[in-house]
1. Test E204 against the criterion of being surrounded by fewer than 16 Cβ atoms within 10 Å (Cβ to Cβ) and touching a residue at least 60 places away in the same chain (Cβ under 8 Å), and give yes or no.
2. Find the helices (runs of 4 or more DSSP H) located wholly in the stretch 171-264 whose residues include 2 or more that are under 18 Å from T129 (Cα atoms), and list them.
3. For T56, are the conditions met, namely being under 20 Å from Q151 (Cβ atoms), among the polar types (S, T, N, Q), out of contact with any Leu (no Cβ under 8 Å at 6 or more places or on another chain) and surrounded by 15 or more Cβ atoms within 10 Å (Cβ to Cβ)?
4. Among the numbered conditions (1) at pLDDT 75 or above; (2) more than 19 Å from I4 (Cβ to Cβ); (3) within 16 Å of the chain's Cα centre (by Cα), tell me where L238 comes up short.
5. Taking V139, is it aliphatic (A, V, I, L, M) and crowded, with 24+ Cβ neighbours inside 10 Å?
6. Hey, any hits in the stretch 186-195 for a residue that's buried (at least 23 other Cβ atoms within 10 Å of the Cβ) and in contact (Cβ under 8 Å) with a residue 40 or more places away in the chain?
7. It is to be established whether one or more residues within the stretch 157-174 are over 29 Å from I47 (Cβ atoms), in contact with a strand residue (DSSP E or B) (Cβ under 8 Å, 6 or more places away or on another chain) and at pLDDT 90 or above.
8. Pull out all pairs, ordered by first then second residue, where Cβ-Cβ is under 9 Å, the residues are six or more apart or on different chains, the first lies in the stretch 67-80 and is under 18 Å from P138 (Cα atoms), and the second is surrounded by 10 or more Cβ atoms within 10 Å (Cβ to Cβ) and of a type in the set (G, A, S).
Amino acid sequence: MTIIEAIILGIVQGLTEFLPVSSSGHIELGTVLLGAESADNLLFSVIVHCATALSTIVVFRKDIAEIIIGLFQFQWNTSTAYVAKIIVSMIPVGLIGIFLKDYVEGFFGGQVLLVGFMLLITGTLLAMTYYARKQAGPVTFGKALIIGMAQAVAILPGISRSGATIATALLIGVEKERAARFSFLMVLAPILGASLLELKDYFEAPAAGGNISGGVLLIGFIAAFLSGLLACQWMISLVKKGKLIYFAVYCFIVGFIAIFAAWS
């Protein structure tokens, strides 16, 4: 992998991890377009995912600090309830990760046609938020589970995790700012967990890491972190303003282009 490829793929990962356009789908498309054989490099994947996790921590550092302080009070309070809801939301994706990991991996590897159709689904979900309830409230345990189911579906390349979870939250009556906050905080544990699993796979089969230098890895990390930081803050602002319809249009355009390219 070259430095230019690392920068491009790092930026793509950082932007699409938070913007509702599917990071996995764009990584798949970017891999095909660049012809970067090491784009699926395990170590590079771990690095850029950790970078986006770090950008989330930076943006929500005050919220995370409040939650941690609340947890150390060792009593049932707002913080412990919030963490409990995040744990509930992780159940669906956790079950898929345990029982269907090998099956899900079969959907990756240059599946341009699949990505195209899944982007159309993402666009439809985002477009539906136009009709979201005007009277909205907090995340309940029941709603957390439903949002978690949306996150589990977003394992498929082309289904945006942030788009699916935020759109689902809005459609079931969660207030806009709370929907964005919950969507981004709930992904921290799955991202870090997936990164640890990928790191384990790397150490079990170092050859899968390919021949990639430390400098390229660092460049990819920085690119993913900075673009993720920008995208996370921008996305929070867009959700508050109800501007998701623009991303719906983008997903429709890219989805149809991917489908046409796969069939041509």
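The values are calculated or read from the model by the stated rules, or taken from the named source; none is laboratory data. Because the structure is predicted, anything quoted here is derived from the model rather than measured. Ideal geometry is used to build each Cβ from the backbone, glycine not excepted, and the neighbour counts take in all protein chains shown.
1. Details: surrounded by fewer than 16 Cβ atoms within 10 Å (Cβ to Cβ): yes; touching a residue at least 60 places away in the same chain (Cβ under 8 Å): no.
In short, no.
2. On the way: elements: 176-186, 188-204, 214-241, 245-263.
Once the helices (runs of 4 or more DSSP H) in the stretch 171-264 are filtered for at least 2 residues that are under 18 Å from T129 (Cα atoms), what remains is 176-186, 214-241, 245-263.
3. On the way: under 20 Å from Q151 (Cβ atoms): yes; among the polar types (S, T, N, Q): yes; out of contact with any Leu (no Cβ under 8 Å at 6 or more places or on another chain): no; surrounded by 15 or more Cβ atoms within 10 Å (Cβ to Cβ): yes.
Spelling it out, it is not the case that T56 is under 20 Å from Q151 (Cβ atoms), among the polar types (S, T, N, Q), out of contact with any Leu (no Cβ under 8 Å at 6 or more places or on another chain) and surrounded by 15 or more Cβ atoms within 10 Å (Cβ to Cβ).
4. Here L238 clears every test but (3).
5. Details: aliphatic (A, V, I, L, M): yes; crowded, with 24+ Cβ neighbours inside 10 Å: yes.
For V139, the condition - aliphatic (A, V, I, L, M) and crowded, with 24+ Cβ neighbours inside 10 Å - is met.
6. Of all residues in the stretch 186-195, those buried (at least 23 other Cβ atoms within 10 Å of the Cβ) come to 186-187.
From what is left, the residues that are in contact (Cβ under 8 Å) with a residue 40 or more places away in the chain are 186-187.
Within the stretch 186-195, one or more residues are buried (at least 23 other Cβ atoms within 10 Å of the Cβ) and in contact (Cβ under 8 Å) with a residue 40 or more places away in the chain.
7. yes
8. I67/S79; W76/A84; N77/G70; T78/G70; S79/G70; T80/G70
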